[in-house]
């Protein structure tokens, strides 16, 4: 039944995904996983290269240009599935009863559901409100050495390993003495201290885990920056259009610092001077790229490609500077000695 369902689900592939699947770039396993996602997540998976990767072939000076193009192939199905678990949030509002029958049943019968995860960090694209981290919930279904309690609610794994599973969990740190005995005891001591002091104020609430506090603060700050990002980019663009573009300007320093932080630097590229003008700076940056390319581990492939982009003939340069050696016999090889039979003299009598 599931086999037929997965094949019927392939009809939900986007046009781009269908083309890759029918062309053989994506296998049936990749296509089935893609079809389970919405159109936006399918497009994102193909855009960021989650299901595909580029394989670079070594440069062959005698091969045609068309034969040296990079080939696109798919990652393993397991790698792609792991990417989905980490980057695509599980939708608990409409869980697929064919793929997640137990989860759909548990959520339908639950009075309260909460998103949980085993991860300590959730990527931005997989966030949607609060998700209880591994230090904020404990399993409460009596399975896998867990204990049950009266405070249990239904938790579903929204992102990360075991994405889509649902089971009872306890998040009542201030109430449950079974799963959170230390936290419960701390809350009782705080309440007793306030009662003894006769303070009219409410008992001090239980202190949160420092990690949870930092995570919450980081999440809130990131939300603010996400909201301000478009305006910030617009302001930066306007300023870039006004400031000087000379080699020694702030823009030049930004470009050089960015390139240096990504593995290169002006100090390691003496082939072109920095100069003073914007054109000098562009040529200097190109020189840095060329120098770094020439010292990469796969430079014998990348450097000829760069040369061809600049209109050069890398095959001719290779032939001129390092001509191919003619094949020779291995050193130490000796010719096989042949023994000649003595020639018979004419008129010799047979014995």
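Summary table
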item: Number of the exception - residue 299 against (1) closer than 23 Å to residue 71 by Cα; (2) modelled with pLDDT of 85 or more; result: (2)
item: Residue 315 being in a helix (DSSP H, G or I) and either crowded, with 17+ Cβ neighbours inside 10 Å or within 28 Å of the chain's Cα centre (by Cα) (or both); result: no
item: Of the criteria (1) loosely packed, with under 15 Cβ neighbours inside 10 Å; (2) modelled with pLDDT of 90 or more; (3) in a helix (DSSP H, G or I), which one residue 3 fails; result: (2)
item: Only listed residue being at pLDDT below 75, in contact with a helix residue (DSSP H, G or I) (Cβ under 9 Å, 6 or more places away or on another chain) and not assigned by TED's automatic domain parsing to the domain that holds residue 54, chosen from 245, 331, 294, 269; result: 269
item: Some residue of region 36-52 being within 18 Å of the chain's Cα centre (by Cα), exposed (fewer than 15 other Cβ atoms within 10 Å of the Cβ), outside any helix (DSSP H, G or I) and on the phi > 0 side of the Ramachandran plot; result: yes
item: Which numbered condition residue 258 fails, given (1) out of contact with any helix residue (DSSP H, G or I) (no Cβ under 9 Å at 6 or more places or on another chain); (2) outside any helix (DSSP H, G or I); (3) at pLDDT 60 or above; result: (2)
item: Of all residues making up region 173-198, the number that are at pLDDT below 80 and at negative phi; result: 15
item: Selection count where residues are under 21 Å from residue 97 (Cα atoms), assigned to a loop (DSSP other than H, G, I, E, B) and in contact with a strand residue (DSSP E or B) (Cβ under 7 Å, 6 or more places away or on another chain), scope region 142-186; result: 4
item: Answer residue from region 303-312, given it is surrounded by fewer than 16 Cβ atoms within 10 Å (Cβ to Cβ) and either in a helix (DSSP H, G or I) or touching a residue at least 24 places away in the same chain (Cβ under 8 Å) (or both) and is nearest to the chain's Cα centre (by Cα) among those; result: 305
item: Those residues of region 92-128 which are surrounded by 16 or more Cβ atoms within 10 Å (Cβ to Cβ), within 19 Å of residue 161 (Cβ to Cβ) and free of Cβ contacts under 8 Å to residues at least 40 places away in the same chain, in sequence order; result: 122
item: Residue identified as within 27 Å of residue 87 (Cα to Cα) and in contact (Cβ under 8 Å) with a residue 12 or more places away in the chain among 174, 165; result: 165
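The values are calculated or read from the model by the stated rules, or taken from the named source; none is laboratory data. This is a predicted model, so every value here is computed, not measured. Positions of Cβ are generated from backbone atoms using ideal geometry, with glycine treated the same way; all protein chains shown enter the neighbour counts.
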